[in-house]
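Notes follow once the structure below has been shown.
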């Protein structure tokens, strides 16, 4: 087969796939865990009894560290994560849910704004899109130097997080139900 025919065949296959996706009116969700742009839509609760050992717990720990690099991002939603989550809930909303992150609480945190006169979103695009199509975000909790690096990949429908926000912020890991992260000190 000639190069021109291969190129044409590849182009037609790509158009067919994109057309079928466009016809559904919504993206296919291929990821697991936090696999919707809106965290609450994933229907996940994080606690000491739900997804305790998971990359989704590590995703949440990375966000808690936006409030001052206080806990290790190890993917274990234990008593330390629970306590700091309740403290973080109090810090932003003056109330807490005992450190449990239900879909409703995930929604509050994703849509939260800061207290500056402009009331900017705490979850902000950084302007960086990597070679995989991942749009990078920072989560701002009040101390600009502690912004957490997150990413949303619309192609794989998956949220990602950095376990190393200081030393390697663009090395993102999928926020999935499995636990693939090891123990790393806070804000490594």
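The values are calculated or read from the model by the stated rules, or taken from the named source; none is laboratory data. Computed from a predicted model, the values in this text were never measured in an experiment. Using ideal geometry, Cβ is built from the backbone for each residue, glycine included, and neighbour counts are taken over all protein chains shown.
What the table shows:
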{"item": "Top-ranked residue in region 158-177 [being assigned to a loop (DSSP other than H, G, I, E, B) and modelled with pLDDT of 90 or more; ranked as farthest from residue 36 (Cα to Cα)]", "result": "177"}
{"item": "Among (1) at pLDDT below 90; (2) surrounded by 16 or more Cβ atoms within 10 Å (Cβ to Cβ); (3) outside any strand (DSSP E or B) - the single one residue 110 does not satisfy", "result": "(1)"}
{"item": "Scan of region 87-107 for residues that are in contact (Cβ under 8 Å) with a residue 40 or more places away in the chain and surrounded by 13 or more Cβ atoms within 10 Å (Cβ to Cβ), ordered by number", "result": "88, 91, 92, 99, 100, 101, 102, 103, 106, 107"}
{"item": "Residue match in region 138-145 (condition: modelled with pLDDT of 85 or more and in the same structural domain as residue 43 (by TED's automatic domain parsing))", "result": "yes"}
{"item": "Selection count, region 59-79, where residues are without any contact (Cβ under 8 Å) to a residue 40 or more places away in the chain, in a helix (DSSP H, G or I) and buried (at least 22 other Cβ atoms within 10 Å of the Cβ)", "result": "2"}
{"item": "Failed item, numbered, when residue 153 is tested on (1) in contact with a helix residue (DSSP H, G or I) (Cβ under 7 Å, 6 or more places away or on another chain); (2) modelled with pLDDT of 90 or more; (3) in the same structural domain as residue 61 (by TED's automatic domain parsing); (4) under 20 Å from residue 34 (Cβ atoms)", "result": "(1)"}
